[in-house]
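Engineer: I'd like to ask you about the structure that follows.
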Amino acid sequence: MNIYESLSSSDFMLNEHIAQQVFEVLPEQGPVMLIMDRNGNSWPSDSEKFDKLDISESFLKELCDKIDDGAEPVVTQAGECSVIAAQLATDNSNCGYTVIVLPQYSPESTLVNIDLIEVLLNQLGLIAKLIEKNNHLYEVQMKHYRVCGQSDIASN
């Protein structure tokens, strides 16, 4: 795939919009999140913190493969962190994956809070759907304005 195509694709831009909206409201001492598209592009909520966690590309690839095989959400451990990963999709787009990293969480504490984590994952899906719907409505509105503008020019 051409890199310029992937950078300008609607899924790439949708993931960027999702990341901007979600990461803005994350608490400073909260989880570290990563949104990944299906081409390997990723958006961490805090690049510095994510780099310090030392989570490898191959580990992330394994998580994505498990999700693609139907295991969802994937709950695992990476060093001193619990890692939860799930598919990020709307009705029209498979955006990729969401990864939530909980530093200093044991597997037990993660499983105790799994219902809350699943609510967070569902909210991310809802945010993605709303952003996609908003983008679609904007495109329709711009097309309408172009058609109206062209008809005004033609009538003059």
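No value in this document is a laboratory result; all are computed from the given coordinates. As the structure is a computational prediction, the values presented were derived from the model and not from experiment. Note that we place each Cβ from the backbone using ideal geometry, even for glycine, and neighbour counts take in every protein chain shown.
Engineer: Using Cα springs under 10 Å in a Gaussian network model of the chain, which residue among L34, L88, L137 shows the largest mean-square fluctuation?
Structural biologist: Comparing L34, L88, L137 in the GNM, the peak value goes to L137.
Engineer: Relative to the longest principal axis of the C-alpha atoms of the chain, give the angle of the C-alpha long axis of helix 114-155, reported between 0 and 90° and rounded to the nearest 10°.
Structural biologist: The angle comes out at about 10 degrees.
Engineer: Which aspartates and glutamates, if any, have their Cα less than 17 Å from the Cα of K61, not counting same-chain residues under 8 positions apart?
Structural biologist: Leaving aside aspartates and glutamates fewer than 8 places away in the same chain, those within reach of K61 are D37, D51, D69, E72.
Engineer: Can you give the alpha-carbon Rg of the stretch 66-150 over 2.2 N^0.38 Å, where N counts its residues?
Structural biologist: Dividing the Cα radius of gyration by 2.2 N^0.38 Å gives 1.52.
Engineer: Extent of the chain along each principal axis, from alpha carbon coordinates, in Å, largest to smallest?
Structural biologist: That works out to 71, 32, 31 Å along the principal axes.
Engineer: As I understand it, the value is the acute angle between the Cα axis of helix 10-24 and the longest principal axis of the Cα atoms of the chain; what does it come to in degrees, rounded to 10?
Structural biologist: Helix 10-24 sits roughly 60 degrees off the main axis of the chain.
Engineer: Oh, and also: For the chain, modelled as a GNM with alpha-carbon contacts under 10 angstrom, which of Q20, Q29, Q104 fluctuates the most?
Structural biologist: Q29
Engineer: Mind checking the dipole of the chain: about its Cα centre, +1 per Lys or Arg Cβ, -1 per Asp or Glu Cβ, Debye to the nearest 20?
Structural biologist: Charge dipole, the chain, about its Cα centre: 500 debye, nearest 20.
Engineer: Between L130 and L26, take the C-beta separation as r, use R0 = 22 Å, and let me know the FRET efficiency to the nearest 0.05. Write down the numbers at each step before the final one.
Structural biologist: On the way: r = 18 Å, r/R0 = 0.81.
E between L130 and L26, to the nearest 0.05, is 0.80.
Engineer: Relative to the Cα centre, what is the charge dipole magnitude of the stretch 97-150, using +1 at the beta carbon of each Lys and Arg, -1 at the beta carbon of each Asp and Glu, and rounding to the nearest 20 debye?
Structural biologist: Dipole size: approximately 480 debye.
Engineer: Same structure, new question: Give me the percent relative contact order of the chain, please, defined on Cα pairs under 8 angstrom at least 6 residues apart. Before the final figure, lay out each step's value.
Structural biologist: On the way: 172 pairs, mean separation 33.9, N = 156.
Result for the chain is 22 percent.
Engineer: Could I ask something else about it? Taking neighbour Cβ counts within 10 Å as the exposure measure, how do S45, S82 sort from fewest upward? Can you show the working numbers first?
Structural biologist: Values: S45 20, S82 23.
Ordered from fewest to most neighbouring Cβ atoms within 10 Å, S45, S82 come out as S45, S82.
Engineer: Now a separate question. Tell me, M13, M33 in order of fewest to most beta-carbon neighbours within 10 Å?
Structural biologist: Exposure proxy ranking, most exposed first: M13, M33.
Engineer: Follow-up. Compute the angle between helix 57-68 and the longest alpha-carbon principal axis of the chain, please, reported from 0 to 90 degrees and rounded to the nearest 10.
Structural biologist: 70 degrees
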